[in-house]
1. Applying the selection to the range 471-500, what residues are among the polar types (S, T, N, Q) and surrounded by fewer than 17 Cβ atoms within 10 Å (Cβ to Cβ)?
2. When the range 186-217 is examined, which residues are found to be surrounded by 24 or more Cβ atoms within 10 Å (Cβ to Cβ) and on the phi > 0 side of the Ramachandran plot?
3. Condition first: polar (S, T, N, Q) and in contact with a Leu (Cβ under 7 Å, 6 or more places away or on another chain). Now tell me which residues in the range 231-263 satisfy that.
4. Among the residues of the range 457-464, is there at least one that is at positive phi and of a type in the set (A, V, I, L, M, F, W, C)?
5. Restricting attention to the range 231-263, and to residues there that are basic (Lys, Arg) and either at pLDDT below 95 or in a loop (DSSP other than H, G, I, E, B) (or both), which single residue is nearest to the chain's Cα centre (by Cα)?
6. If we scan the range 271-281, do we find a residue that is modelled with pLDDT under 95 and either over 20 Å from Val310 (Cα atoms) or part of a strand (DSSP E or B) (or both)?
7. Could you tell me which residue of the range 209-224 is farthest from Val176 (Cα to Cα), considering only residues that are in contact with a Lys or Arg (Cβ under 7 Å, 6 or more places away or on another chain), of a type outside the set (D, E, K, R) and not in a strand (DSSP E or B)?
8. When you scan the range 212-219, do you find a residue that is under 15 Å from Gln160 (Cβ atoms), in contact (Cβ under 8 Å) with a residue 60 or more places away in the chain and under 25 Å from the mean Cα position of the chain (by Cα), even just one?
Amino acid sequence: MSTASTSRRWVGRIVATSAAAAIGVGLAPGTALAASDAPAAPAATSTTLAPAQIIDPDRSASARRSWESRGRPHHMTIVRPDRIDVVSEGRLTRTVWHGGGPVTVSDLERTLPDSWLAITDGTAVLDAAVVLVRGTELRVGGPGDSLQTLQLVGGSTPQQAASLHTGGGEITFAGVTVTSLDPATGAPVPGTSAGRPLIVASSGGHLEATDTTFSDLGTPRDGTESGEAGVEFHTGATGSLTRTTLLRNTVGLQLAKSEDVALQEVTLQESIDDGLVLSGDTGTTMSGVRAVGNGDNGVLVTGDSTDRPVSGISTTGNAAFGVAVVGQTGTQITGVATEADEGGGLRLSRSADVTVTDFHATEQRMGVFTHVGSTGIVLDGVHTTGGSRGLVVEKSTTGLEARNSTFASARVDGAALGGKDVTLRNVQVSDARSGVRVERGASDIHLADLTVTGGRDGVVTAPATTGVVMSGLSVTGVESDAVRTFSPDGRITGLHVDGASTGIDVAAATTITNSEISGTQEGIHSRSPEPVYAEQVTVDAVQLGVETAPGSPFLLADSSVHALESVRGEVETRGVNDLSLPPLNLLSAVGVPLILLAVVLEEIHSARQRRAGATTRKRWRPGMPMGAT
């Protein structure tokens, strides 16, 4: 093509564009750029342009690029600061100029073909993807708008999804319900369909929702590919959700590297997968966030680690965990309450330097579960009630401290400790089958100022554990053993037992110092093949003070042992030891019930005699001996 012909072609385009702009200036907002007798824009099935429609090549190319980046939807409209572009199958078919400012769904209705958008009795059915550019705003509902429901058409393929994208613009929802629609059934698009619509706050975009419900949105997983959430905030996107419900979405809501998103009184319910996914987001604030009955975790924290705290969350009845934290470093979790989630309350996996405070778990299979190499975990103010286990530390965990926490009424273990370098400090366990169980393979376990009340056993340590130290342990009112230890070279110091069948049942080499055992049937029972050393120990037991099995060496030093049988078996003594009967108060506590039992038995015997008609024999006094004066 010659230079002259090329110049003539561009001159023609410039003239046409100038004419179009001149005509557009004189049109009222919402007027199509077309000849006065041109019909409405064709439906999506038509590939012809409206008569006399003037299409700028550069704008057409821009529209196509946007169309391709949004998954090539069959129908799409682009909201720009001064116009609205209508795109069908990737072709710009219509441009409508407007006077700027926010655009409403009603404005779109006046722009799009009837088959793309219709509003009836407060319900809008939209069959087109909507994309905003920087400097634009779309308002859905709100003061003065009669719109109550927005139905986004979808289908079996992604190209059928009428999704909403902020682009660099802003979408606000107020007082509306946004859901999907399968035109073939009139019902929401099934969760298994790849063509379910979604709401996207794109990079640099802004999305706000108040008093809004988003339901039946988002695409499912496809093999190893993750699906898309019903509502998503992408990199750099901002916004807020207030008094908003996300219902039956694939994933309810996902924040992926978003910035400064505020979630206030947000409910994530019955999602197919997770309720809320936090992934590399920064500046997120949360209060009154509820995750209820979701198909996986209530809240999943994954992706890049940030300094965003995980807080203000409550979970109930989710299929996995209430909150799951995976691959995070330095995460702060606070102000979280979980109840009756099927997997458990909190899961920490592949995470480091995580601090959990003010955490509550009720009727959970596991209140808190740490595993897969988690390290540097601090649990401060964790409170669990009911369920199977309060705290479970899996064997790959290293460096965990639980302090100022309570584990109540666990049906199995208050705390089950595996792993290495694990400390419980100022922890209270009550009414569990085993207060604390140290699992096989655990090492460097320190129980400091631990209190166990009620339940069957206080502390149980399994064989093949090492470095178990108990200091300041208090066990009260357990049914069986206050301490049962199979851990070699264990140390018990400052133990206080008040009420148990056996104070200490020891089956491995152990050192016991500065401890008191009272209110037990048996004080210390040793079956260890290795030496057991007890120094400055006070035992006040009913039956046996110290009992050793054959072949169990035991050294007792500077101690006091009071029981009906203070020592049974071979016990070596050293220093000054007091081995005697139980104290008088203990004997009286045993004797009084026996006396009462004797009185009751005598009364029963007398009653039986009276019923049998027996008479009391009269006893005669002996006569005076003869010769007596």
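1. Ser480, Thr493
2. Asp216, the sole residue that qualifies.
3. Answer for the range 231-263, where residues must be polar (S, T, N, Q) and in contact with a Leu (Cβ under 7 Å, 6 or more places away or on another chain): just Asn249.
4. yes
5. Arg248
6. Restricting attention to the range 271-281, the residues satisfying the condition of being modelled with pLDDT under 95 are none.
No, the range 271-281 contains no residue that is modelled with pLDDT under 95 and either over 20 Å from Val310 (Cα atoms) or part of a strand (DSSP E or B) (or both).
7. My answer is Gly218.
8. To start, the set of residues in the range 212-219 that are under 15 Å from Gln160 (Cβ atoms) comprises 216-219.
Filter again for in contact (Cβ under 8 Å) with a residue 60 or more places away in the chain, leaving 217, 219.
With under 25 Å from the mean Cα position of the chain (by Cα) added as a condition, the list becomes 217, 219.
Among the residues of the range 212-219, at least one is under 15 Å from Gln160 (Cβ atoms), in contact (Cβ under 8 Å) with a residue 60 or more places away in the chain and under 25 Å from the mean Cα position of the chain (by Cα), which makes the answer yes.
The values are calculated or read from the model by the stated rules, or taken from the named source; none is laboratory data. Source: prediction; values computed, not measured. All Cβ positions, even for glycine, are placed from backbone atoms using ideal geometry, and neighbour counts span all protein chains on display.
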